[in-house]
Amino acid sequence: MRALVFEEFGGPLTVREVPDPTPAPDGVVVTVGATGVCRSDWHAWSGHDPDVVLPHVPGHELAGTVAAVGARVRGWSVGDRVTAPFVCACGTCPPCREGAGQVCLRQTQPGFTHWGSFAEYVALDAADINLVALPEELSTATAAALGCRYATAFRAVTGVGRVAPGEWVLVVGCGGVGLSAVQVAVAVGARVVAVDPSPGARELAAATGAEHVLDSADGFVELAVELTGGGVHVGLDCLGSPATCEASIRALRPRGRHVQVGLLPPAQGRAVVPMELVVARELAVLGSHGMAAADYPAMLSMIAAGRLRPQDLVTRELSLDDAAEALVAVGRTPGIAVITRF
Ligand SMILES: [Zn+2]
Ligand SMILES: [Zn+2]
């Protein structure tokens, strides 16, 4: 198959022929129909993820069609249109038994623990636990984002942040996951303050329903506190950096919830959490790590009802030959980029 390969961290990314994957006994191989270009892929390429073994094929935000099925798989057949969370859960460890497959102790992740979806085919483990059937009306390109950024934002806003109608939500960083968070927060009736250094990203955030859009260069914490009459109820760091994490926490009102959504690998520096504020204001500091397949139906039904429109956030469709350039420049062009030609 054709795949985008790198042999060293931060090194050249080249499309070349590699052996096709074969399914594990409980897994499947999927013909990739679309795969998103996410900041986490950039982290994998940059050497920030200790799971990545070289040479490597990135890509974890995918949708496609089942091409081969392992002997122990019960629920899926060749030809089924599917997506899967980027965290593929084992289904049997303690967190999985509690319905929290997104923090599975034996998780596998395409594009991190094994070769990913910047390729014609990708292997996914524990198919009966992790595959999600795609509704007919959802295009493959749109569905790709559900594997990571859109589902991650959905769970961060609804499940972890427990955003209620009328609450103020701060979204710091309006890349793919940030714009998704803006859309989900607006859909559940929250009022959104969105922050990004890029004018294009701010424009998209405003079009997605953010009430205020702020330039991150302008000391936005004070501004956000002022605009929201004393601070936001929920702050989401959707970029993942020590500065944006701290800013989200400082913008909270008493008893506010910070949700860390963007990855913060130690290689980029440790975040400083102002614990004096966490105590004095009784703040909650929470992490959000994707969304288990079992939690997808609530999101899919809101998409089917037209209350969520992930398709509006896909701004570019690329070919695998463009993937290297898009990956190196991740974050520079607003919206979600999806590879749809292999
Ligand atoms: Zn597990
Ligand atoms: Zn991702």
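The values are calculated or read from the model by the stated rules, or taken from the named source; none is laboratory data. From a predicted model like this one, the values you see are computed outputs, not experimental measurements. Positions of Cβ are backbone-derived with ideal geometry, glycine not excepted, and every protein chain shown enters the neighbour counts.
So, of the residues in region 130-154 that are over 16 Å from Val66 (Cβ atoms) and among the polar types (S, T, N, Q), which turns out to be farthest from ligand 1 (Cβ to nearest atom)? The selected residue is Ser139. Taking helices (runs of 4 or more DSSP H) as the structural unit, those lying wholly within region 86-184 and holding at least 1 residues that are within 16 Å of ligand 2 (Cβ to nearest atom) and aliphatic (A, V, I, L, M) correspond to 140-144, 149-154.
Taking the stated definitions as given, is Pro297 in contact with a Cys (Cβ under 9 Å, 6 or more places away or on another chain), in the same structural domain as Thr35 (by TED's automatic domain parsing) and within 26 Å of Thr140 (Cβ to Cβ)?
Working: in contact with a Cys (Cβ under 9 Å, 6 or more places away or on another chain): no; in the same structural domain as Thr35 (by TED's automatic domain parsing): yes; within 26 Å of Thr140 (Cβ to Cβ): yes.
So Pro297 fails the test.
Condition (residue is touching a Ser or Thr at 6+ places or on another chain (Cβ under 7 Å), part of a loop (DSSP other than H, G, I, E, B) and hydrophobic (A, V, I, L, M, F, W, C)) applied to region 8-18: is it met by at least one residue? Yes: one or more hits.
Only one of Val73, Val132, Val157, Val78 is within 21 Å of the chain's Cα centre (by Cα), in the same structural domain as Pro297 (by TED's automatic domain parsing) and among the hydrophobic types (A, V, I, L, M, F, W, C); which?
On the way: Val73 fails: within 21 Å of the chain's Cα centre (by Cα); Val157 fails: in the same structural domain as Pro297 (by TED's automatic domain parsing); Val78 fails: within 21 Å of the chain's Cα centre (by Cα).
The match here is Val132.
Tally time: how many residues in region 185-239 are assigned to a helix (DSSP H, G or I) and not small (Gly, Ala, Ser)? Let's see the steps before the verdict.
Quick first cut of region 185-239, residues assigned to a helix (DSSP H, G or I) only: 185-187, 199-207, 220-227.
Now drop any that are not not small (Gly, Ala, Ser), which leaves 186, 199, 202-204, 220-223, 225-227.
Counting residues in region 185-239 that are assigned to a helix (DSSP H, G or I) and not small (Gly, Ala, Ser) gives 12.
The condition of being part of a strand (DSSP E or B), more than 12 Å from ligand 2 (Cβ to nearest atom) and surrounded by fewer than 24 Cβ atoms within 10 Å (Cβ to Cβ) does not hold for Ala63.
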